[in-house]
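Student: I'd like to ask you about the structure that follows.
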Amino acid sequence: MKCVNCLGEARTIDAQMNGIDINCPNCGHFSVSASVLRQRPGRSLDAEKTRVFLHNELDINPGHLPVINSENVIWAPTG
Ligand SMILES: [Zn+2]
């Protein structure tokens with residue numbers, strides 16, 4: 001499957017009921033909540049800002065899997 005963030009080839013682990021785990025060579029290992037996946041059709045994430053967000057999350061909380069959820073998701077500007 002493709003990475004939700006950068007749309008590159010990534011390894012995804014679909015096993016979670018409440019979202020998806022993505023292991024992307026560009027973005028790292030993170031999780032995306034089911035609510036974001038539901039909101040996503042027709043939209044895309046701001047790949048650069050999301051990558052910065054993921055880096056910051058790992059700085060704050062090393063060893064913790066960053067989760068992109070409906071509270072912190074950064075959508076790319078539309079229009
Ligand atoms: Zn990616």
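Student: Where the only charges are on Cβ atoms (+1 Lys, Arg; -1 Asp, Glu), what is the dipole of segment 11-68 about its Cα centre, to the nearest 20 debye?
Tutor: 220 debye
Student: Over the chain, what is the relative contact order in percent, taking alpha-carbon pairs closer than 8 angstrom and at least six residues apart? Please list the in-between numbers first.
Tutor: Details: 122 pairs, mean separation 21.2, N = 79.
The normalised contact order for the chain reaches 27 percent.
Student: Probe radius 1.4 Å, ligands and nucleic acids left out: which of F53, F30 has the largest accessible area, and how do the rest follow?
Tutor: Solvent-accessible surface, decreasing: F53, F30.
Student: Starting from the 7 Å offset along Cα-to-Cβ, what nm value, one decimal, do you get for the label separation of L65 and D14?
Tutor: According to this spin-label approximation, the distance is 1.6 nm.
Student: Heavy atoms only, probe 1.4 Å: what % of the accessible area of the chain goes to carbon and sulfur, would you let me know? Present the calculation step by step, with values, prior to reporting the outcome.
Tutor: Working: 2540 of 4940 Å².
Carbon and sulfur together cover 51 percent of it.
Student: While we're here: With every protein chain left in place and a probe of 1.4 Å, what is the accessible surface of T78, to the nearest 10 Å²?
Tutor: Probe radius 1.4 Å; accessible area of T78 about 110 Å².
Student: With every protein chain present, what is the per residue accessible area of segment 11-68 (1.4 Å probe, Å²)? Could the numbers behind the result be given before it?
Tutor: Details: 3610 Å² over 58 residues.
Each residue of segment 11-68 exposes 62 Å² on average to a 1.4 Å probe.
The values are calculated or read from the model by the stated rules, or taken from the named source; none is laboratory data. Note that the structure is predicted; figures quoted are calculated from it, not measured. Here the Cβ is made from the backbone with ideal geometry for all residues, glycine too, and neighbour counts use every protein chain on show. Each accessible area value is taken on the protein alone, full model and side chains, heavy atoms only, with ligands, DNA and RNA left out. Shrake-Rupley method; radii C 1.70, N 1.55, O 1.52, S 1.80 Å.
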